[in-house]
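The values are calculated or read from the model by the stated rules, or taken from the named source; none is laboratory data. These numbers come from a predicted model, not from an experiment. In this analysis, Cβ positions are derived from the backbone assuming ideal geometry, glycine residues included, and neighbour counts consider all displayed protein chains. Ligands, DNA and RNA are stripped out before the accessible areas are found, and what is left, the full protein with its side chains, is counted by its heavy atoms. Shrake-Rupley method; radii C 1.70, N 1.55, O 1.52, S 1.80 Å.
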Amino acid sequence: MRSVQTYVRSIGIAFLIAFCIGQASNAQSIQLDFEQTPLPEALNELRMQLGLDFIYAVRLVKDEKVTCNYKGNRLEVALSCVFDNTPIRVQQLHQRQYILSSDPSFAENTAQKAARTKTFRIDGYVLDRSTKKPLPGAHIYLPVQRQGTVSDPNGQFYLDKLRDSEHLARISFLGYQALDTLLTASSEPLSISLRPTALEAENITVEGDLNDSPNADLVAGMVSMRGQELDEAPRFGGERDLLQTLQNTPGVYKAGVFNNGILVRGGFSDQNLYLIDGAPIYHPWHAFNLISTFHADAFEDIKFYKGAFPAEHGGRLSSVLDARLKDGRSSAPTARVGMSVLSGRFIIESPLTRNSSFMIAGRRSYIDKLIGSEHPVQDANGTRDTLRTGYHFSDITAKLSVTPNKKNILSVSYYSGNDILDLKLPFNLSLDFNSWLRPAELFFEVDHDWGNRLYTFQHQAIPSSKVLITNTLYRSSYNAKEAEFVQPTSSSSLSSKYRVRVRDIGFRSDITILGSDQHQSQGGFHLVDHQFDSSIDASIYRSEGARDSLVQESSLDALEIASYAQHSWIPSPTFMIQPGVRISYFSSGSHLYLSPRLNVRKIVHPDYLTLNGSVGSQVQYLQRLRDRYSFMYDLVSSRWVPTSEDLNPSRSFQVSFEAASSPYSWLDVSVESYWRSSKNVLIPRDVFQQKDGIDGPGIEVASLLSQYTPGLSRAYGVEISTLLDLQPWRIALDYSGAKSKNRAPLVGDTEYHPSLFDVPRLLRGSVTRSYSDWYFTLSSTFRSGYPITVPVAAYTLGGPGDVDPTRYLYRPEYNNGRLPPYIRVDLTIAYFFEMLGADWTTQLHIFNLTNRRNVIDRYYEPTPNNVEITQRKGLPILPLFEIEMDL
């Protein structure tokens, strides 16, 4: 089987390399035959034949005609043939995008040119007024001279060979308010700031998105979202939740309801890397995984990679979420306050000085404030006690940004999030909630506290117009405490204090070099010091005088070093290739791996068809495991375990392909397919083991790993996404057809079987209707039921005189059945209005509109004469309300 997999991989890589070489060699074949052809028609031919986009004023080209006969493969010669005898200057904006402007020198004769003895040059930077970030692709236009240019990827521009030192100019950028100003030649670069706003331009044709970086969407399956898109994304319970939003993308879904993460293309929940400003977050969930720590209000933009990553990312097998916090606003303070049924939240953005700004956002649940966290009680005998029902989550996010000059940007980021559960209740609870609040001799206490904390310092330097250097220093930690006291009888009790800590101190440096419009290189290195600590102090009193103790500590550390290099080559406007390689070393076990990557893009037609292909391998050195045997510890905590000499890292190989089309301005369609093979993934050795005891094997890593076995996994599928934007209607439809399978050879698995959360069919749809002050969204989800192991027989073991023999279930095949399909319909109604000088939004979200109680799990328990089946059902219909105010 291994030789077959190796052969398939070799064939796949050879095919992609051959495809790339073939495309590169044929991409520049050009044949032009124009004879007094109107220039608009010639431009259309260039678009169709070469995939070029042009930005121009209509009046500039409408009366021009061109004559050109050319056959060859040099694009610059072909463009000169078309434009040399016209009063038009051609300047390249991006790899397939050009700007056309008037050439003031065309009408001048040779004598006038020779008489020009002195010229001037104006250069400067175009920046976002709020964030001081550079704006690549901004237009700088001199209307009197009919001359212009665009800013480079660092926001820098220059205009040379000017006859005068002062010029009236218009600076514009899509999504920003145009600025009319006077530019003066100076020895120092100018700084021009544009205010974000809606921009309406007349008589200008814009094709393509000027905001896109040259290779932003080169990786197949990558999802990119910016601030406004995050604001408009669907919500759960009124929460602006980033991970809930990502679950609306094909191939991404939640693993169960509680205590599980998201799954991406059949991977495990610990195979996702979550980054905030370049630093990792290890447990990105609040409220037992109902909502995430990624409070969407606080983020400027995100990039989500499904399976195929650029070489700059590594350390996980399934996905990478790269989220960047807002920098604050440097123009005027803004604030937003909101409240949902789950929590209250706020965000403030404001300038501090001319060159600095800050952002701070916070959120806290308040159910403990509504129902109370402490309850003094008294029974008929006068016995008094204080019971507790406290739970809340909170987080705070902040960022300070300073721009000391045009070539340096400094930022400091902070994140802290916590969940606190504090309970003291009678041991024998019932469904009668009134019976909970009473003094009891038999009771249990729970004191759980878990959360993340993150500090990040980042410096971005622009030493030249072709170089960008980003250095990031961070400290990230996850801490969890589980303390319990249980008094099940008057003579027995259990007390336990369990702690887990994961701490990373890391530094990464990335450099981007813009060699030319055809070549862009990127490289860097990443150094991380990992530390893993855990401890337990537990005592079990089985009866008076009979006491068992468990006191253990575990401390591990490891150094991870990674370096990468990748190069983006654009041999023609319609073809791009990005090879890359990542090499990583992990000190625990001295593991060294090379991970090659390759991304390819072919533009068959700018509107009708774009193809992306990606192939690469990934390595994961950290595994998240849970004790499967004992109630004493590891109920909430995430226990991360590093690889070692005895535990090899997980590895995967993935091929993905994407075809995207926008045949009309109102229609976007994409089709993606993928295939991934992984090895050394940890699978439970006994998948039917339940937490049914108090004693456990302890917290040593060897004891924990003994409950798992290395296994193999495969995942493959097709994802289709369709978006119709027919204002005021907006219709989205996504479909995923996939298979995810595992095999554990060391425990006797000879064939692959469906993984725990294998979902062969997943269909999501939504219809939105907007009015002036209202919008309505009806969304639906249909997916296959999760796999489940159905016992085929039951048997009894016991001796001839046994009064109560033990009955067992016979399960010869793992995951041989499925739960019923999961079907849910949600309704969202929102209303916008102004009051008290602020913008308000109210929203009613009805979760599970049809009140269908979906079966989300099923248990089989043997009884003396039969098998008892218990079904766990999902949430019923829930009306959820939110109100929000923008200042």
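Structure values in brief
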quantity	calculated
Conditions (1) open to solvent by 10 Å² or more (accessible area, probe 1.4 Å); (2) out of contact with any Ser or Thr (no Cβ under 6 Å at 6 or more places or on another chain); number of the one not met by residue 338	(1)
Pair list, Cβ < 8 Å and 6+ apart or interchain, from segment 582-595 residues that are free of Cβ contacts under 8 Å to residues at least 12 places away in the same chain and assigned by TED's automatic domain parsing to the domain that holds residue 316 to residues that are assigned to a strand (DSSP E or B) and surrounded by fewer than 20 Cβ atoms within 10 Å (Cβ to Cβ)	592/583; 592/585
Search result, residues across segment 747-784 that are of a type in the set (A, V, I, L, M, F, W, C), open to solvent by 40 Å² or more (accessible area, probe 1.4 Å) and in a strand (DSSP E or B)	763, 767, 774, 776, 778, 782
Condition met for residue 67 (crowded, with 16+ Cβ neighbours inside 10 Å, modelled with pLDDT of 80 or more and over 44 Å from the mean Cα position of the chain (by Cα))	no
Residue in segment 155-177 that is open to solvent by 40 Å² or more (accessible area, probe 1.4 Å), polar (S, T, N, Q), within 13 Å of residue 193 (Cβ to Cβ) and at pLDDT below 80 present	yes
Tally of residues being within 39 Å of the chain's Cα centre (by Cα) and open to solvent by less than 60 Å² (accessible area, probe 1.4 Å) across segment 800-815	2
Test result for residue 110, β-branched (Val, Ile, Thr), modelled with pLDDT under 70 and under 30 Å from residue 333 (Cα atoms)	no
Criterion (under 24 Å from residue 266 (Cβ atoms), in contact with an Asp or Glu (Cβ under 7 Å, 6 or more places away or on another chain), modelled with pLDDT under 95 and of a type outside the set (A, V, I, L, M)) met by exactly one of 639, 626	626
Long-range neighbours under 6 Å by Cβ, at least six apart or interchain, first residue in contact (Cβ under 8 Å) with a residue 24 or more places away in the chain and assigned to a strand (DSSP E or B) within segment 480-507, second aromatic (Phe, Trp, Tyr) and open to solvent by 30 Å² or more (accessible area, probe 1.4 Å)	486/444; 493/541; 495/485
Only one of 557, 627, 548 that is touching a residue at least 60 places away in the same chain (Cβ under 8 Å) and assigned to a strand (DSSP E or B)	548
Qualifying position, being open to solvent by less than 20 Å² (accessible area, probe 1.4 Å), closer than 30 Å to residue 494 by Cα, in a strand (DSSP E or B) and of a type outside the set (Asp, Glu), among 619, 600, 641	641
Residue check for residue 287: modelled with pLDDT under 85, surrounded by fewer than 24 Cβ atoms within 10 Å (Cβ to Cβ) and assigned by TED's automatic domain parsing to the domain that holds residue 359	yes
Failed condition for residue 322, given (1) out of contact with any Asp or Glu (no Cβ under 6 Å at 6 or more places or on another chain); (2) touching a residue at least 60 places away in the same chain (Cβ under 8 Å); (3) open to solvent by 10 Å² or more (accessible area, probe 1.4 Å)	(2)
Residue in segment 534-575 that is most open to solvent (accessible area, probe 1.4 Å), counting only those that are under 30 Å from residue 598 (Cα atoms) and touching a Phe, Trp or Tyr at 6+ places or on another chain (Cβ under 7 Å)	561
Residue match in segment 301-311 (condition: within 19 Å of residue 241 (Cα to Cα), assigned to a strand (DSSP E or B), assigned by TED's automatic domain parsing to the domain that holds residue 393 and over 12 Å from the mean Cα position of the chain (by Cα))	no
Among residues of segment 814-841, those that are more than 30 Å from residue 744 (Cβ to Cβ), of a type outside the set (Gly, Ala, Ser) and in contact (Cβ under 8 Å) with a residue 24 or more places away in the chain, counted	13
Listing of strands (runs of 3 or more DSSP E) fully contained in segment 807-884 that carry 1 or more residues being closer than 26 Å to residue 339 by Cβ and basic (Lys, Arg)	822-835
Residue match in segment 291-299 (condition: open to solvent by 10 Å² or more (accessible area, probe 1.4 Å) and not aromatic (Phe, Trp, Tyr))	no
